[in-house]
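Input: a single structure, listed below in structure tokens.
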Amino acid sequence: MTDFHTPTSTPATPSVDHAAHSKLISERQMMAGVLVGLFLVVLGTAILFMGRNQVASSLTICVGFGIVLAMFGTQVSGRWAGWSATGAGATAVLLFLVLQQFSDAPVRNDFIKGSLEGDFSKVADIRIIDEHPMYVYRDRSTSTIRFLNLGRDLKSRQVRMQVDTIENDPGAEFFQLYANSDLFEERMLSHTSSGEEFMQLAFDYTNRVVLDGDVVLFEERESILGETAPETLFAREGLDLFGMSARAESGPANSGKSDLSSAEIATLIEDLKSEEIYRRRNARDLLVNVGPPAVNQLADAFASANTGSADDYRIRVGTTYILSEMLRSDETLRTDISAQLTEDEFPYFVEAAADEDKTIRYQAAEFLYLLEDPRSVSSSLDAVKDDRNASVENQVLILKESARAFDVEAKDEIISELSKSGRYNELQSPKLTLKNIFNW
């Protein structure tokens with residue numbers, strides 16, 4: 001009788017693997033690994049629900065699953081799109097690639113949002129202007145102003161913040177704050193790249209500055225020096241630009257023009273004196289858009305505004321803003337604008353470049369600097385020689401640009417005359433110092 005023996009069965013591979021796996025790590029280590037894996041799964045899910053980086057979420061979840069599978073010693077394999085993987089780690093990577101393939105690509109916002117927080121009780125209107133005004137919304141319930149910049153970069157070299165107030169004193173009704181575009185753009189992008197929904201800025205009305213943390217982004221300016229590549233005015237280290245302490249020890253887009261009659265322009269100029277804030281602002285914007293045809297009447301109004309009254313202040317601050325904004329928008333207009341001005345009007349604008357009001361001072365200096373009209377030279381030269389002029393830096397820059405087209409002999413005559421003035425004649429080498437300053 002044949003004796004049948006039941007063949008000895010070979011243990012299943014998973015059991016052998018599991019036994020071998022158990023010898024490699026203890027039960028406590030296995031539990032710790034499982035917990036770490038589950039934590040990563042939960043963390044990746046939380047990242048996904050918070051709307052954060054989707055790639056980081058997918059990767060975290062897949063790595064978590066991979067660790068859990070590895071701790072149990074499970075042998076897994078998978079195929080996708082011609083690729084195959086065996087093992088917990090390889091399968092986790094494959095799962096990550098599958099998730100990325102079928103996940104929607106993150107949408108890149110082509111705008112940057114921000115907010116201003118501070119005391120706006122005296123502020124009637126704020127505009128932030130790059131090449132065009134940004135979108136601004138004022139939330140009066142939270143004392144916050146929100147703004148939106150279309151695009152992730154700035155178009156203008158200088159971003160401005162125009163502030164109209166409810167105050168009636170000259171110098172307090174209207175002022176402008178200026179920001180360096182490179183710094184402003186850098187700070188905006190740093191906020192968005194760190195995952196913040198918008199950048200939060202602090203508006204300090206009293207000191208007229210806007211802060212991003214401890215960094216001053218916007219500030220009131222009285223000199224155009226900061227926007228005119230000052231390094232080109234220094235040819236020797238240790239020279240003071242204005243000769244005050246130097247010793248030569250080492251040697252809104254203006255895309256179109258409005259055709260208005262003289263009477264209509266006169267009405268808009270009259271609106272610059274209005275008690276209504278928005279009427280004044282709209283008049284400024286419309287006159288900028290008129291362009292050179294309005295310059296003659298604006299210059300006449302500016303020259304006549306010399307009584308120190310509130311109306312005259314509004315004319316002066318409005319006119320200097322309009323003229324500087326015309327050239328800021330389109331510097332090719334300088335020839336047409338110069339043609340509308342007479343020589344006897346330049347002393348008024350040169351004097352305004354040293355006005356007590358910072359806004360008028362800056363706007364008048366910027367206008368003459370961009371205009372580059374040789375008729376500014378005589379008055380600017382007198383202003384630079386005047387020891388009492390505290391805003392000599394504006395005059396130096398106006399003189400430098402206005403006389404740029406002069407021949408060498410005329411430039412040497414200017415330097416010779418300045419070298420004899422009380423401001424520079426105490427230098428060891430006044431002519432050399434002045435040549436280095438102007439650097440024509």
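Structural remarks
Yes or no, residue by residue, for (1) of a type in the set (A, V, I, L, M); (2) surrounded by 15 or more Cβ atoms within 10 Å (Cβ to Cβ); (3) part of a loop (DSSP other than H, G, I, E, B):
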{"site": "147", "(1), (2), (3)": "no, yes, no"}
{"site": "154", "(1), (2), (3)": "yes, yes, yes"}
{"site": "160", "(1), (2), (3)": "no, yes, no"}
{"site": "163", "(1), (2), (3)": "yes, yes, no"}
{"site": "168", "(1), (2), (3)": "no, no, yes"}
{"site": "171", "(1), (2), (3)": "no, yes, yes"}
{"site": "177", "(1), (2), (3)": "yes, yes, no"}
{"site": "182", "(1), (2), (3)": "no, no, no"}
{"site": "185", "(1), (2), (3)": "no, yes, no"}
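- Within the stretch 360-417, the set of residues being basic (Lys, Arg), in a helix (DSSP H, G or I) and more than 20 Å from residue 334 (Cβ to Cβ) comprises 361, 385, 411.
- Cβ-Cβ distances below 7 Å connect no pair with a first residue in the stretch 342-369 that is assigned by TED's automatic domain parsing to the domain that holds residue 169, a second residue that is in a loop (DSSP other than H, G, I, E, B) and surrounded by fewer than 24 Cβ atoms within 10 Å (Cβ to Cβ), and a separation of six or more residues or different chains.
- First in the stretch 128-141 and closer than 17 Å to residue 155 by Cβ, second anywhere and among the polar types (S, T, N, Q) and surrounded by 13 or more Cβ atoms within 10 Å (Cβ to Cβ), Cβ under 6 Å, 6 or more apart: 130/156; 131/156; 134/149
- Residues located in the stretch 269-291, provided they are aliphatic (A, V, I, L, M), within 13 Å of residue 174 (Cβ to Cβ) and crowded, with 19+ Cβ neighbours inside 10 Å: 272, 283
- Output for the stretch 206-215, where each listed residue is out of contact with any helix residue (DSSP H, G or I) (no Cβ under 9 Å at 6 or more places or on another chain) and farther than 14 Å from residue 117 by Cβ: 206, 207, 214
- Within the stretch 267-279, being assigned to a helix (DSSP H, G or I) and touching a helix residue (DSSP H, G or I) at 6+ places or on another chain (Cβ under 6 Å) holds for 268, 269, 271, 279.
- Top-ranked residue in the stretch 335-369 [being more than 18 Å from residue 318 (Cα to Cα) and of a type in the set (D, E, K, R); ranked as surrounded by the most Cβ atoms within 10 Å (Cβ to Cβ)]: 336
- Any hit, the stretch 292-307, residues being modelled with pLDDT under 95, more than 16 Å from residue 368 (Cβ to Cβ), in the same structural domain as residue 364 (by TED's automatic domain parsing) and buried (at least 21 other Cβ atoms within 10 Å of the Cβ): yes
- All of (1) in a helix (DSSP H, G or I); (2) under 27 Å from the mean Cα position of the chain (by Cα); (3) crowded, with 17+ Cβ neighbours inside 10 Å hold for residue 332 with one exception: (3).
To keep it simple, each residue is scored yes or no on (1) more than 19 Å from residue 434 (Cα to Cα); (2) touching a strand residue (DSSP E or B) at 6+ places or on another chain (Cβ under 6 Å).
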residue: 346; (1), (2): yes, no
residue: 353; (1), (2): yes, no
residue: 359; (1), (2): yes, yes
residue: 369; (1), (2): no, no
residue: 393; (1), (2): no, no
residue: 399; (1), (2): no, no
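The values are calculated or read from the model by the stated rules, or taken from the named source; none is laboratory data. All values reported here derive from a predicted model rather than from experimental measurement. Because the Cβ atoms are built from the backbone with ideal geometry, glycine has one as well, and the counts that use them run over all protein chains shown.
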